Amino acid sequence: MAWCAVAAASLRGIDPARAVDHPDLFTLTSPDFTDNGMLTAENAGTGKSVRGPWDCGGRNRSPALAWSHAPAETKSFAIVMDDPDAASGRGGPHWITYDIPATVRSMARGAANDLSSPFASGSVGRGRLAYAGPCTEPGAKPHHFIFMLFALDLAPGTLAKGLNRDAFRTAIQGHNLAEASIVARYRRTAPRM
């Protein structure tokens, strides 16, 4: 069973082994990758790495996401993309967006790069308020990227703009109705000699 179905099942108090019997679970999917599948260079960062002398080698386009079966009380959604394998040991945020109205059920490919988006963007570090694609060292083992979707009882516009990951998590305490997630991996292949 997919990891996201197990996570969603446990959040709803359903035995994960029986989650397949509950097609109405709050779920997050992507047409661009399967759960635990690979992101491509399309999704990887651009420019030089801040951690080393390599170029990120990508186009920095966020993958498309879709979700279903949110709790009826949902007033808004939020998405956080985190890299738990980041060198800091605390994980590293790559995308934070919130104030997504409850009527929205998907994000188009590249939507996180649109700075004119009506959704609020959180800070992912170094002044960035948009999607920051993976930028792993060439030849290193794959990093995991967890896309978390939060169904909130907060109306759009309630949260302050530009929240970092920790401030966002603090702000939604007591307001998170459900979570769904999907995991992607990314590995930059070593350059050819």
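The values are calculated or read from the model by the stated rules, or taken from the named source; none is laboratory data. All values reported here derive from a predicted model rather than from experimental measurement. We place every Cβ from the backbone using ideal geometry, glycine too, and count neighbours over all the protein chains shown.
Please specify each residue of region 138-173 satisfying the condition of being more than 20 Å from A120 (Cα to Cα) and outside any strand (DSSP E or B).
Within region 138-173, P138, G139, A140, K141, P142 meet the criteria.
Taking the conditions exactly as written (crowded, with 20+ Cβ neighbours inside 10 Å and either of a type outside the set (D, E) or in contact with a His (Cβ under 9 Å, 6 or more places away or on another chain) (or both)), does L163 satisfy them or not?
The answer is yes for L163.
Could you grab me the full set of residues in region 131-154 that are among the small types (G, A, S) and either surrounded by 18 or more Cβ atoms within 10 Å (Cβ to Cβ) or touching a Pro at 6+ places or on another chain (Cβ under 9 Å) (or both)?
A132, G133, G139, A151
Within the group I146, I100, which residue is modelled with pLDDT of 85 or more, over 13 Å from the mean Cα position of the chain (by Cα) and at negative phi?
I100
Please determine, by comparing only the residues of region 3-48 that are of a type in the set (K, R) and at pLDDT below 55, which one is nearest to A78 (Cα to Cα).
Looking at residues that are of a type in the set (K, R) and at pLDDT below 55, I get R12.
Just to verify a result, which residue in region 109-127, among those that are more than 21 Å from T74 (Cα to Cα) and aliphatic (A, V, I, L, M), is modelled with the highest pLDDT?
Among them, the one singled out is A111.
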